[in-house]
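Written below as structure tokens is the structure these notes are about.
What follows is calculated from the coordinates using simple rules that are stated; it is not laboratory data. Model, not experiment: these values are computed from the prediction. Quick reminder, even Gly has a Cβ in these numbers, built from the backbone with ideal geometry, and neighbours come from all protein chains shown.
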Amino acid sequence: KYNDIFLLLHTQLTLASLQTFIYDLLRRDDPEKFMDSFGSIFENLVKDIFDESKIRYIDEQSLKKHLPQENKVVDFLIPHEAANIFIDAKGVEIHERGMVTLSHSEISGRIKNSVLKTIEQAHAVNREILNSPKLITDFKSESYILCITYKNLMLGNGTFLEKSYATDGVSKIRKNHDDAYQIPDSHIFCISIEEFEYLMSSCKEHGRQPYEVLRYAVEMNRTPSQTVFLFIQHLEKFFGQVTKSEMIRKTGLDLLERMTENIPGLKQNVNLVNE
């Protein structure tokens, strides 16, 4: 606010700030109750991004239909002749203490039901694909795991997980599964919903497949000077410029429009500094 005028420096920055503020506000009083409802909404958002991208995927219901009843499943699977990608949308949040603590056990406890669960579920599905490929899709020696969270929890990739705060958790999962279908730590990525949006929208815009981007990220991470902590940095290097979801952009602008209409005097006092 400057001289009684609200200056909107950048629409994307404003929308992201509003999303985070509303999200934190809604979950403040009763996080568990909020997350129980938010989980399904979050999965639907991921599905909408999939549908917009036109990239083929198999959802949780289809996986459950073809796999043994007791088998664990992921939320989504992207089958491709070159590689399979196992995806889980986790409507979870690490408590503030877990974001700043130096204790491995504290952080590991916070992610036990999120990232580690995703890794376990992906391997359970991959096992069944190896044993009975005709049930879902063919087994691929090259496979990837994506754990999508609403906010960027700065969890890094699987290699970072295994070598830092989730060593024991990852080790236990490895012991429960045969080497024949295990997915390497370097092929596991923890990304935010915004990064997933950019991944899928950019693939659609440039006619690429998600596995190509993940393959590139794995290759870059092998060289210390090319390694990055945020997945968005790989996207920017791969595509040159990332593409935003048109569906989410329109929804965000509509939300912003409704907010300005409901706050007296705000619409008349907002200047758009960016395009």
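Can you work out D for the stretch 25-239 in µm² s⁻¹ from Stokes-Einstein, where Rh is the Kirkwood radius over C-alpha pairs, the temperature is 4 °C and the viscosity is 1.567 mPa s? After rounding, the answer is 73 µm²/s.
Pairs over the 30 Å Cα-Cα cut-off, from the set Lys33/Lys175; Lys33/Lys117; Lys64/Lys151: Lys33/Lys175.
Sorted ascending by nearby beta carbons within 10 Å, beginning with the fewest, Arg56, Arg27 become Arg56, Arg27. One chain, two ends: Thr251 and Leu135. Fully extended at 0.36 nm per residue, the span grows by 38.0 nm beyond their Cα-Cα distance.
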